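*Asks:* Mind looking over this structure? Questions follow.
The values are calculated or read from the model by the stated rules, or taken from the named source; none is laboratory data. Values in this document were obtained by computation on a predicted structure and should not be read as measured data. In this analysis, Cβ positions are derived from the backbone assuming ideal geometry, glycine residues included, and neighbour counts consider all displayed protein chains. Remember, those area values only see protein heavy atoms, side chains included, never the ligands or the DNA or RNA. Shrake-Rupley method; radii C 1.70, N 1.55, O 1.52, S 1.80 Å.
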Amino acid sequence: MKIVVFETEEWELEPLRSLADGHEVEFVPGRIKPDNAADYADADIISPFVYSTVSADTIAALPNLKMIATRSTGYDHIDVDACKARGIALATVPTYGDTTVAEHVFALLLAVSHKMVEATDRTRRGDFHQAGLQGFDLRGKTMGIVGTGHIGKCTIRIAKGFDMTVIAHDIAPDQEAARQLGFDYVPFPELLSRSDVVSLHVPGGSDTDQFMDDAAFDAMKDGAVIINTGRGNLIDVNALLKALATGKIAGAGLDVLPEEPTIREEAELLRSVYLRRHNLETLLADHVLLHMRNVVITPHSAFNTREAVQRILETTRQNIDAFLAGDRLNQVI
């Protein structure tokens, strides 16, 4: 079979080079998307990352496709209905970065709470003045965790280490975890109104698209901080800008943005088809956020530690090998 692995960097090739021995494997540095999918029409299996657009049009251009092995936990970049219609298997990497992403939550939070970016920039310029750099302690603050899956639970454990009070919201509460870790489930509006820090850990999709909107930010505690290491579309960035500009919330730590792939490849904005497919208002809001002093943004790198990436590569190989052997491993369809 022909296996095509997209969005690969040079250092990733060695762990995957012997992927599915006896089959042809091609590595592609770029993303797969509708306008280049036909170049890989002979692919039986593809392995994309989150920036690829595996839409119905992409899938239609791959007549031999039998499996998609995404190197991510989320799969909102893949048209599931199109896969089901064709009988294409879809496998994910369910638990590669629990601790990794949870640690990144606190990297962002500490950067905001101690104004680390501005303090570091000043010091590099030889400016040792303290004006405007006063932060706040995490100890004694209330942290609201939205989504208590693997990453959410790891985040709770770390929050407890900072001596924070933790409350949580989830559509499927894990009461045993709440008992063991020492947190309480509360309704979403109560979480927003009580939390000094809100951290988002829910998957992307139509049910959660922009659920942090004007009403949600209005319901938040004055001076709170929001952290998002989930999916960019969880937050209405225009609502976030308004909440930051009015001082309703004090800061934000973001590892994801809604128009993130667009920002990475802005030259494509010159193409009219691209203009029609992307929200330029949201793109502009993303750019404004990038330059705000009380906002810390990282380039969707929460997952990116040596250990986590190795787990991604190993699990992806296992998923493909299992499929080729006629078995199911980490398949969602």
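*Asks:* In a GNM of the chain with a 10 Å cut-off on Cα contacts, which of Val197, Val112, Val80 has the highest mean-square fluctuation?
*Replies:* Evaluated over the chain, the most mobile residue of the options is Val80.
*Asks:* 7 Å from Cα along Cα→Cβ at both Asp222 and Glu176: what's the point-to-point distance in nm?
*Replies:* 4.4
*Asks:* Which of Lys160/Lys221; Lys153/Lys242; Lys2/Lys84; Lys33/Lys248; Lys84/Lys221 have a Cα-Cα distance over 32 Å?
*Replies:* Too far apart for the 32 Å limit: Lys33/Lys248; Lys84/Lys221.
*Asks:* Run the numbers for Ser301 and Val332: contour at 0.36 nm per residue of separation, minus the present Cα-Cα distance, in nm.
*Replies:* Once the chain is fully extended between Ser301 and Val332, it gains 8.7 nm.
*Asks:* Could you work out what % of the accessible surface of the range 1-49 is carbon and sulfur, using a 1.4 angstrom probe and leaving DNA, RNA and ligands out of the count?
*Replies:* 48
*Asks:* Would you work out the relative contact order for the range 1-129, in percent, from Cα pairs under 8 angstrom that are 6 or more residues apart?
*Replies:* 19
*Asks:* With axes computed from alpha carbons, what is the tilt in degrees of helix 280-290 against the longest principal axis of the chain, rounded to the nearest 10 within 0 to 90?
*Replies:* Between the helix axis and the principal axis of the chain, the angle is about 50 degrees.
*Asks:* Ok, one more. I'd like the distance separating the alpha-carbon centroids of the range 86-127 and the range 230-249, in whole Å.
*Replies:* Distance between centres, Cα-based: 18 Å.
*Asks:* Let me ask another. If ligands, DNA and RNA are left out, what is the accessible area of Met116 with a 1.4 Å probe, given in Å² to the nearest 10?
*Replies:* It works out to around 90 Å².
*Asks:* Continuing with this model, one more query. Against the longest principal axis of the chain, how steep is helix 150-161, in degrees 0 to 90 to the nearest 10, with axes from Cα atoms?
*Replies:* It works out to around 30 degrees.
*Asks:* Moving on. Taking H placed 1.01 Å from N in the peptide plane, check which residues at least 5 places from Ala168 or on another chain put their amide H under 5 Å from its amide H.
*Replies:* HN-HN under 5 Å from Ala168: Ile145, Asp184, Tyr185, Val186.
*Asks:* Something else now. Tabulate in residue order the Karplus-calculated ³J(HN,Hα) for the range 120-131, using 6.51 cos²θ - 1.76 cosθ + 1.60 with θ = phi - 60°, rounded to whole Hz; enter x for Gly and Pro.
*Replies:* Values, residue by residue: 5, 4, 4, 4, 4, 8, x, 9, 9, 5, 8, 4 Hz.
*Asks:* Okay, next question. Compute, for Ile158, the solvent-accessible surface of its heavy atoms (probe 1.4 Å) with the complete set of protein chains present, and express it in square angstrom to the nearest 10.
*Replies:* For Ile158, the solvent-accessible surface is approximately 50 Å².
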